[in-house]
1. Quick one: net charge of A:Leu91's neighbours, Cβ under 15 Å, K/R +1, D/E -1?
2. As I understand it, the value is the acute angle between the Cα axis of helix B:68-94 and the longest principal axis of the Cα atoms of chain B; what does it come to in degrees, rounded to 10?
3. Based on the inverse mean of 1/r over its pairs of different Cα atoms, what is the Kirkwood hydrodynamic radius of region D:14-92, in Å?
4. P(r) of region A:347-454 in 10 Å steps, Cα pairs, percent per bin?
5. Quickly estimate the mean residue ellipticity at 222 nm for chain A, helices only: each DSSP H run with n ≥ 4 gives -39500 (n - 2.57), and the total goes over all residues, rounded to 500.
6. Give me the dipole magnitude in Debye, nearest 20, for the protein assembly as shown about the Cα centre, with unit charges on the beta carbon: positive for Lys and Arg, negative for Asp and Glu.
7. How crowded by other chains is A:262-275, given as the mean number of beta carbons from other chains within 10 Å of each beta carbon?
8. Given Cβ point charges of +1 (Lys, Arg) and -1 (Asp, Glu) and nothing else, what value in debye, to the nearest 20, does the dipole of region D:14-92 about its Cα centre take?
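Nothing in this text is a laboratory measurement; each read-out follows from the coordinates by a stated rule. Remember, predicted model here, so these are calculated numbers, not experimental data. All Cβ positions, even for glycine, are placed from backbone atoms using ideal geometry, and neighbour counts span all protein chains on display.
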Amino acid sequence: MATIAPPVEHAGHPLVDDRSFIRKYIFSTDHKIIGIQFLLMSLLFLLVGGALAMVMRWQLGYPGRPLPGGGVLPETMAPGGVVLPEFYNSLVTMHGTFMVFFAIMPLLVGVFGNYLIPLKIGAPDMAFPRLNMASFWTAVPAGILMVAGFFVEGGHASAGWTGYAPLSADPEYTGVSAGQQLWCLSLIILGLSSILGAVNYISTVINLRAPGMTWFRLPLSIWSLFITAILVLLAMPILSGALIMLLFDQTLGTHFFLPAEGGQPILWQHLFWFFGHPEVYILILPAMGMASDVIANGSRKPIFGYHSMVFAIMSIGFLGWIVWGHHMFQSGMNPTLATSFMISTMLIAVPSAIKVFNWLGTMWGGSIRLHVPMLHATAFVAMFVIGGLSGVFMASTPVDIYIHDTYFIVAHLHYVLFGGSLFAIFAAITFWYPKMFGRMMSERLGKIHFGLTFIFYNMVFFPMHQLGLHGHMRRIYDPSIYDFLKPLGGLNRFITISAFLLFATQILFMINFIGSWFRGRKASNNPWDDTGLEWTTPSPPPHGNWPVTPRVYHRPYEFSSPLVEEDFLPQDRELDTPPARAGSAPGH
Amino acid sequence: MTHAVTEGSVMLPAAEAEQGAGVYNEKLGMWIFLLSEVMFFTALIGSYIILRFSNPAAWPAPGAVLNIPVTAVNTFLLICSSVTMVKAFANAQDGDQRMLRIWLVLTVLIGASFVGIQAFEYNQLIGHGFLPSSGLYGSTFYTMTGFHGFHVTMGVLCMIYVTAKAFRGRYTPDDYRGVEVIGLYWHFVDLVWIILFTIVYLI
Amino acid sequence: MRYPILCGALLLAACGGDRGATPAADTTAAAAAPAPAGSATITGTVRFSGTAPANPAIDMSEEAACQAKHTGVITDPQVVVTNGMVSNGFVYVKSGLPAGVTYPTPTTPVVIDQNGCLYTPRVFGVMAGQPIEIRNSDPVLHNIKAVPTANRGFNISQPSQGMTTTRTFTTAEVMVPFECNVHGWMNAWVGVMTHPFYATSGADGGFSIQGLPAGTYELEAWHEKLGTRTISVTVAEGGSATAEFSFGPTT
Amino acid sequence: MDWISWMLPPGASTFARDIDWLYYLILVITGIAFVVVEVGLIWFLVKYRARPGRKAHYTHGNNTAEIIWTTIPAVTVVVIGLLSGGVWNNIRGRESVPADAIPYRVHAQQFEWNVTYPGPDGQFDTPDDFTRRNQLHVPVDRPVVVELTAEEVIHSLGIPAFRVKQDAVPGMRIRVWFQATTPGTYEIGCAELCGLGHYKMRAVVTVHSQAEYDRWLGQQSTIAASQ
């Protein structure tokens, strides 16, 4: 351990806060405010992405029928309320883009990376607070540009969130030019924002841990955010490079992805998925980490197999770089290469399985408190398992021939991104809400919201496996023109109605989120009896987080420790007889 | 390093923190940022290699289109600027304010002339009808060298900021973070250019 | 460095998105002189000598709704010659009109219908700025992709029966091709004019251009397969003249 | 709402047997894992719910348990991987296309499948070649190989009943083969987003008996020759 100096006042961070309103809440450099800014922004985009999905679902459930209230849409999108195929393609594209880049990714990385890292490692703020502010204020124009795409001539980007070239590279193929360019530009700017954030997170975790916070005393949420930040740092520039080439193909007449002069459409796919698969883990690793925190708390037990959980995070982070080809089994790539991609993909099942069984192991023998965060976290485990297992089907190259680009894939990715990431996000928001806003969210409303979301969510996405099994292609505007898909019309309508119910249920969350902000019960410093450092400061924490740098004596999840009377032992609580250091894991 | 950093300097890890990377935050942050930059240029250079290997006929012989001598001079200039940067850094460590300023100004000037010569080169090439739309060769040439030029320009702008601070005497043997951090970036950009010059111009 | 420029350009593109807002009247507003009331007429025919090439057959079996609107073998009416008379020839005044004169743009739209998976009319003219109403009378998806060179193109779809969409072109262009990518055989051509002196030859090969001021004009006949023919015609005020275009198989 | 089966729809090519078998194998394996985890989860939630006076069992893990649940999935996925690799090789391997396969050319464009037949002589670039739009006719029980190309953007030839799916990429020629086993007509759909008419890029494949196929071929070549 490093030299332990006696606790000192933070010279640079007087806890008397005399900043102006703008410095405090708008152009704030405080990681907590930036985290909340990201939270509000990404929840807004979550709503936008969800609304786009509703329009899509209407068309799929009731093809060619006017969307109720759709008459307000302009003639170029939905004349008389009937969604046009080109607008449908924009919906598909923008639903994916908003959800991946502007909702889930900032919710996990932007919100909780910012909010939790300094608070959980005992730092007064990020390593580079101003860079942190710059990161948020670069994400805002990216979001504005992305929304602006709907209002330009030719409509918004319609080549899918994966933007496959040449469809995306030449306006002639879609009739979309400005929209596609805005899409590229927005994602390049967002990439810059993410990279600035990642530099900050990595530096902060490496250099700013409080005394005693050794690597193996870091909570799994921090481990996963740290590994995620590395993935963001290394993956986003690949996307930026690819997007720049795509933008130049559109605007400067370059030939990177256009075959007429020797460009390669497949090159785009390689670049995109070389970014894209690490991106997939960017979207799930923090969810795993935060769910681990909540499950340990809810089970009142230390995380089962903490070290293997850390190594599982690392190996998922590493394997994420060598599996991108499994998105391209049907793209005409070398079949031998496909087999090696299949094997590396299959291997990811191993660390994933370790994590799932360790969560079960954590709950085993616990004293489980089913508070709302815990409900969401267990739902995360239950749903992530389905998403993970359905992944085995598409990892198997021959089976993938059949299910590639069908609704089976749509079901799979929503089980991972909604069932996985979003349930973990709900768990995290409800868990850290009292710390963020100083008030508790309504437990009752939270449980109703959870129950309905869980039911409707499964009613929407589980039947999509069936659609896929029957060969229902992705991204098609009107399945009813195919004879073999006609029998699926009823199922499509069922999914559509369920989706509307699922969307409506989220109003409960909005009411709970906004209402509790003003009228929620005041939260104590540590409402969940948790062991993390963030619960040792007031709710919400002051600027600078602690008047005195905390000192860490314990591993992260010392619940039900025999050393203390209570069923939790905070990481900073000094005992008369210090327990064994992390690393020499004792048996039981 | 001729002078040890004094006890309690901002350039040492904070005493009340767990052992980290052993370097101050800004330096660590720049190293991490450069990793990201490596990946960015990997995407561009990797695409270049893939496109060129699968379509060698689209590339004319070295020197047939591009003006290698002018660019060689430019490359030499950029390497010189790395040397001046090292000199500036050494003087910042020694606390020699006058030499620090001189070397920084030289670095700025050489960096700016690199960009200027590149602009001149672009102008010539465009005048000869060699455009970003001129096949894969034009596409890759302008994208790669253009983004390198963009990085140099950003570097020069930051360097001007650092130089201005140097003229206000902000760098001492106890705190020369700005000089060291911009130096790291500058050497990286220089290194990238040597790779680009080799694969785009010479091979 | 190039970001701000690109960004600015994009925003401009975004703001300037009001399609068709610059009719011909705007662009020549400075030189606008009232259109002289002419009263001369040019009439004539487009003829074809020899054996007309056979039109290819269209297999419409996959679009039952379209096929039902036809009887017998469906052919693509590329070259329609009846008794030596060519229909779907586009005849227009190519040059000879007084300079600096603008003509009022009609506000009534020209209708192009997609019926039985064919365009009707197949060849027609509009004035720059005049609305083109595209209608789908088929219960199947059509997309309309306009691939002009001087104008801004578009690519829109009409997934259901009875849909109409209106588009305009702003610049003179002979001819703007329309195509449907769902039904590869579907083609139409639009002649965009800055004056009203154009006509399409009918089933009898005849055309008539009215209201011309006196003068000598270069008249061109355009046909999608047969090419173009140019004739010089002089007409006096209130008078009439004839123009006969003749295509042959060697074109 | 109609009852929709959880089984795969009937296959009509030789690939269907292998792919479907592999699918059901994975379904059983993942099904077991699914049941184990979900039942365990619910069981623990009920059994270990917080009750007054009970404290959780304090443990940091168990190496034996962790080794077991690392090894079992690892072995399982490797087995699935090896089995998949074998099937994949038969379908897509470099040497997998039978030498006697009948050649076809399929050129995909927005939004049509143009199928070029070699005609009765079985050779391309001869006068009896002919092209049909959105119609693929193949004989039953004969391997056929399609050379896939694309005009402008990426399309994907998807024939669900044959368990065939292959992207058509502009600038590339990709060979995909199959052997139909049941006469009848089946639908082809584009499986890769290719523009506004993507959903309408439908074609039909007709599997004929050999005699019927020969008759059809002769008929079509006559039409082709007359044009």
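1. On the way: positive: A:Arg57, A:Arg474, A:Arg475; negative: A:Glu86, A:Asp478.
Charge balance in the 15 Å sphere: +1.
2. 10
3. Over region D:14-92, the inverse of the mean reciprocal pair distance is 15.9 Å.
4. In whole percents, the pair-distance histogram is 14, 37, 30, 15, 4, 0.
5. Working: 16 runs with 322 residues, N = 588.
Calculated at 222 nm, the ellipticity per residue is -19000 deg cm²/dmol.
6. My answer is approximately 2880 debye.
7. Values: counts 13, 10, 10, 8, 7, 5, 2, 3, 3, 5, 0, 0, 4, 2.
Across the residues of A:262-275, the mean count of other-chain Cβ atoms within 10 Å is 5.
8. Numbers: 7 positive and 4 negative charges, 111 e Å.
So the dipole magnitude of region D:14-92 works out to roughly 540 debye.
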